[in-house]
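**Q** Quick one: the structure is below, and I'll ask about it shortly.
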Amino acid sequence: MRTLSPIFYLLAALTLAGGLATVLLKQLVHCALAVTVAFAGLALLFLQLDAQFAGFAQILVYIGAVAILIVFAILLTRGSDLPKDGVFSRSWPLGLVIAAGVFAVLGWAVLASVGAVPQQNTVPAVTVHDIGDALVGRYVLPLEIVALLLTAATIGAVIVAMHEKERPR
Amino acid sequence: MIATPWATNPFFVNLDQIFVLLRNWLVGFLPAALRPAAGVLLGVIAIVCVFPGLFALTTVFERKGLGRIQNRIGPNRVGPYGLLQPVADGIKSLTKEDIVPLRANAAVHFLAPLVLVVTVFMGFAVLPVGRNMVLVDMDAGLLFFFAMGAATELCVFMAGWSSRNKYSLLGAMRAVAQMISYEVVLLLSSVAVVMITGSLSLPKIVAAQNTYTGVFPHWYIFTPWGLAGFLMYAIAATAETNRSPFDLPEGESELVAGYHTEYSGFKFALFFLGEYLAMFSISGLGTTLFLGGWSAPFSFLTWVPSWIWFFGKVMMSIFVFIWMRGTLPRLRQDQLMNFAWKFVLPFTLLNLLVTALWRFMGEGWARWVVCSVILIAAYVVMGRLEMRSEHFGRRRYRYAE
């Protein structure tokens, strides 16, 4: 086994701490901010692996959009003034079992893939240019399907929002 | 290209590179192993000193300019012509009592201004402020800049929410809604430049514009798609930095001061600093993308040091910001959102198509005509359609007559 750099352990600890705080804190807005820390940790892990594009996209999409969306959802549903003892589901042991199961499957898949992937000693240099070429070249069909899905979702959101206007005042 | 012999004169070449040479000279005193790290550290120190210094100057400049627009003199008591006003302001904000509301969320309230200033400073790392003068030449520099910009939105929310004040929260919600709406436009108008240059690296974008036909430069603003893109970028940048006429999040008459109502002393100064730094960085990016970055406006002026051009262009943008603040009234919330989603965003999307057309029509005058006609026609048609419901004419007063 290769030894990993201390920076990796620091970032992993940061990400895990963010994730744990997300499920353990009582104030919902604090949870939303903690999940942002976890997102940032993941982005830094990408950067540590020299994956600039993935890292910056992670910050732009998850911190810039998803975290804001979560925060808006909390504030618009009056979730920020919940009781002080928090909102813990009674079925949390079941959730733990499912999470452990997912983790086991993912871990097994990663460990099993070590033999299947050719071992490279040098880090492949992937530029943003290469990613762009791949996206509109080889992977153009998945890209278009995702674009179609997002457009449909946007139109759906507009229709949901429009419905209220038609009600007589 | 017509270049003056001065451009190759060793004195002007050295003057152009003076900061790079200074850095190399200072780093030369250290052992070779420490040199790269020390070079980066010096770059960071330069950024952390220069831009807040510029911020101090800009506050005087802004108050003087606004004073002149409103037919008064502006600050004139501290130092000659009131130039030492920022020093007095700094001492005042440092010695002021730091008040935190009783029910405020102390940790988040403390973190918000700090994280804001740090993320805003990060954006400067990829801006080329002169020839060979960029802290980190990243392959995905533009993406990094926008990623850091996106992180500031969360800080604004943190500040507004943690204060436990209805004005703060309302201001923060307005700010976040506005920043998200206009960030889309900001990104899409920059994508046009990326499509033409074929690179996300900011030094490469400047290099692509740093060529001349006769004495005139190839800045992107001098093309139809570039002009349209720059105008959309400028609108979005004004909204993104919460400047007038898009300053609803801080509208004094409605919200006291918006998300920083409950901040005083040094924390308030940090918000103030963050706001102006965001203005500098977004003007710097606009300069880099559309106005040729550090390149000279005429080929016979290339002997003037590149950093003078960059900062000159940034300060011109700041002047326009101040001018707009002094002249335009504030928009209403629904006008702001309608403008973003019904005019600016569709126009920016159309501009992307026009840019693609420009790219594939090849050299020649045909693309100039076709692209200009499409953009002007779209502007006229969209303007007419959206203004149809408004009835212009003599103002009618319902109650006063």
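**Q** Scan segment B:191-201 for residues that are touching a helix residue (DSSP H, G or I) at 6+ places or on another chain (Cβ under 6 Å) and within 13 Å of another protein chain (Cβ to nearest Cβ) and jot them down.
**A** Matches in segment B:191-201: B:MET195, B:THR197, B:LEU200, B:SER201.
**Q** If you check B:VAL134, B:VAL126, B:VAL117, which single one turns out to be at pLDDT below 85 and among the aliphatic types (A, V, I, L, M)?
**A** One residue alone meets the criteria, B:VAL134.
**Q** I need the helices (runs of 4 or more DSSP H) fully contained in segment B:301-397, keeping only those with at least 3 residues that are surrounded by 17 or more Cβ atoms within 10 Å (Cβ to Cβ).
**A** Here the list reads B:306-327, B:345-361, B:366-387.
**Q** Output the residues belonging to segment B:150-163 that are of a type in the set (A, V, I, L, M) and touching a residue at least 40 places away in the same chain (Cβ under 8 Å).
**A** The answer is B:VAL156, B:MET158, B:ALA159.
**Q** If you don't mind, another one. Are any of the residues in segment B:82-93 more than 14 Å from chain A (Cβ to nearest Cβ) and part of a loop (DSSP other than H, G, I, E, B)?
**A** First, the residues of segment B:82-93 that are more than 14 Å from chain A (Cβ to nearest Cβ): B:82-93.
Of the ones still in play, those that are also part of a loop (DSSP other than H, G, I, E, B) are B:83-84.
Yes, segment B:82-93 contains at least one residue that is more than 14 Å from chain A (Cβ to nearest Cβ) and part of a loop (DSSP other than H, G, I, E, B).
Yes or no, residue by residue, for (1) in contact (Cβ under 8 Å) with a residue 60 or more places away in the chain; (2) more than 29 Å from B:VAL136 (Cα to Cα); (3) open to solvent by 40 Å² or more (accessible area, probe 1.4 Å):
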position	(1), (2), (3)
B:ASN165	yes, yes, no
B:SER168	yes, yes, no
B:ALA175	yes, yes, no
B:GLN178	yes, yes, no
B:TYR182	yes, no, no
B:PRO203	yes, no, no
B:ALA207	no, no, yes
B:TYR220	yes, no, no
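**Q** If I ask for residues that are within 14 Å of chain A (Cβ to nearest Cβ), touching a helix residue (DSSP H, G or I) at 6+ places or on another chain (Cβ under 9 Å) and not in a helix (DSSP H, G or I), which ones from segment B:94-108 would you list?
**A** Scanning segment B:94-108 gives B:ALA104, B:ASN105.
**Q** Do you know which residues across segment B:101-151 are open to solvent by less than 10 Å² (accessible area, probe 1.4 Å) and of a type outside the set (A, V, I, L, M, F, W, C)?
**A** B:HIS109, B:PRO113, B:GLY123, B:PRO128, B:GLY130, B:GLY141 - these are the residues of segment B:101-151 that are open to solvent by less than 10 Å² (accessible area, probe 1.4 Å) and of a type outside the set (A, V, I, L, M, F, W, C).
**Q** Which residues, taken from segment B:130-177, are among the polar types (S, T, N, Q) and within 12 Å of chain A (Cβ to nearest Cβ)?
**A** Listed by number, the residues that qualify are B:THR152, B:SER162.
The values are calculated or read from the model by the stated rules, or taken from the named source; none is laboratory data. Note that this is a predicted model, so its numbers are computed, not measured. Ideal geometry is used to build each Cβ from the backbone, glycine not excepted, and the neighbour counts take in all protein chains shown. Just so you know, the surface numbers come from the protein's heavy atoms only, side chains and all, with ligands and any DNA or RNA stripped out. Shrake-Rupley method; radii C 1.70, N 1.55, O 1.52, S 1.80 Å.
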